[in-house]
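Visitor: Dropping the structure in here first, questions after.
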Amino acid sequence: MTMDRIDPQPAADERTTLNEFLDFLRATLLGKTEGLDAAGLNRRLLPSTLTLGGLLKHLALVEDYWIQEKFLGLPELEPWASAPWAEDRDWDFHSAAEDDPDALRSLYQSACERSRQALAGADLSALSVGTDRDGAHWNLRWILTHLIEETARHCGHADLLREAVDGTVGE
């Protein structure tokens, strides 16, 4: 399963624009990790503990958390359901060092595909099953915008990390 990096259309409807920007960013992150082995995915820029592998695993969690759990109201999936969050609230970032690089990329791609399938045809005004601390429901428009924001922020981190690994820069 691969994810092509396709520029979003310049004059599409709102739903298409949101989906295409999110897919563009998803493919950007995967591109930043392409061809790297475990050592490359685990490289850090001190003093930060952030790694490309950690970003892949974290964003897989973000996809599942917001779409499967919060939007659809489904139970937490593995590996998240059995993760030791009480001992390490950043387990997704830290545990990635123990994972095979291809497994990390597959985990992220699978989470993205679950999200795409779950949201196919869903109205942007549809409200989530889950709620925030105050009991408010998020609409799908808000959730997609949040996924774009979070993925874009971490793609910026990925730019810096990939350059530190092997000098690769650019898109």
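All of the numbers you see were taken from the coordinates with simple rules; none came from a lab. No experiment lies behind these values; they were computed from the predicted model shown. Cβ atoms come from the backbone with ideal geometry, glycine included; neighbour counts cover every protein chain shown.
Visitor: Using only the alpha-carbon atoms, how far is helix 14-33 inclined from the longest principal axis of the chain? Give it as 0 to 90 degrees, nearest 10.
Guide: Approximately 20 degrees, to the nearest 10.
Visitor: In addition: What percent does the relative contact order of the chain come to when contacts are Cα pairs within less than 8 Å and at least six residues apart? It would help to have the intermediate numbers written out before the result.
Guide: Working: 200 pairs, mean separation 50.5, N = 171.
Relative CO of the chain lands at 30 percent.
Visitor: For helix 101-119, report the angle its Cα long axis makes with the longest principal axis of the Cα atoms of the chain; keep it between 0 and 90° and round to the nearest 10°.
Guide: Once rounded, the angle reads 10 degrees.
Visitor: Hand me the GluC sites (Glu not before Pro) from segment 84-152 located in a DSSP loop with no more than 14 other Cβ atoms within 10 Å, in residue order please.
Guide: Numbers: sites: Glu87, Glu98, Glu113, Glu149, Glu150; in loops: Glu87.
Answer by residue number: Glu87.
Visitor: Given Cα pairs under 8 Å that are at least 6 residues apart, what percent is the relative contact order of segment 57-152? Kindly include the intermediate steps, with their values, before the conclusion.
Guide: On the way: 84 pairs, mean separation 35.7, N = 96.
Dividing the mean separation by the residue count of segment 57-152 yields 37 percent.
Visitor: Hey, if you put +1 on the Cβ of every Lys and Arg and -1 on every Asp and Glu Cβ in the chain, which of Leu61, Pro10, Leu119 ends up farthest toward the positive end of that dipole?
Guide: The listed residue farthest towards the positive side: Pro10.
Visitor: At what distance in nm do the modelled label points of Arg141 and Ala12 sit from each other, each positioned 7 Å from its Cα along Cα→Cβ?
Guide: Spacing of the two 7 Å Cα→Cβ label points: 1.8 nm.
Visitor: Taking K and R as +1 and D and E as -1, what net charge do the other residues with C-beta under 14 Å from the C-beta of Asp7 add up to? List each step's numbers first, then the result.
Guide: Details: positive: Arg5, Arg26; negative: Asp4, Glu20, Asp23, Glu171.
Within the 14 Å Cβ shell, the charges total -2.
Visitor: Now for a separate question. Within segment 104-171, list the trypsin sites (Lys or Arg not before Pro) lying in a DSSP loop whose Cβ has at most 16 other Cβ atoms in a 10 Å radius. Don't jump to the answer; show the numbers that get you there.
Guide: Details: sites: Arg105, Arg114, Arg116, Arg133, Arg141, Arg153, Arg162; in loops: Arg133.
Loop-located and lightly packed - Arg133.
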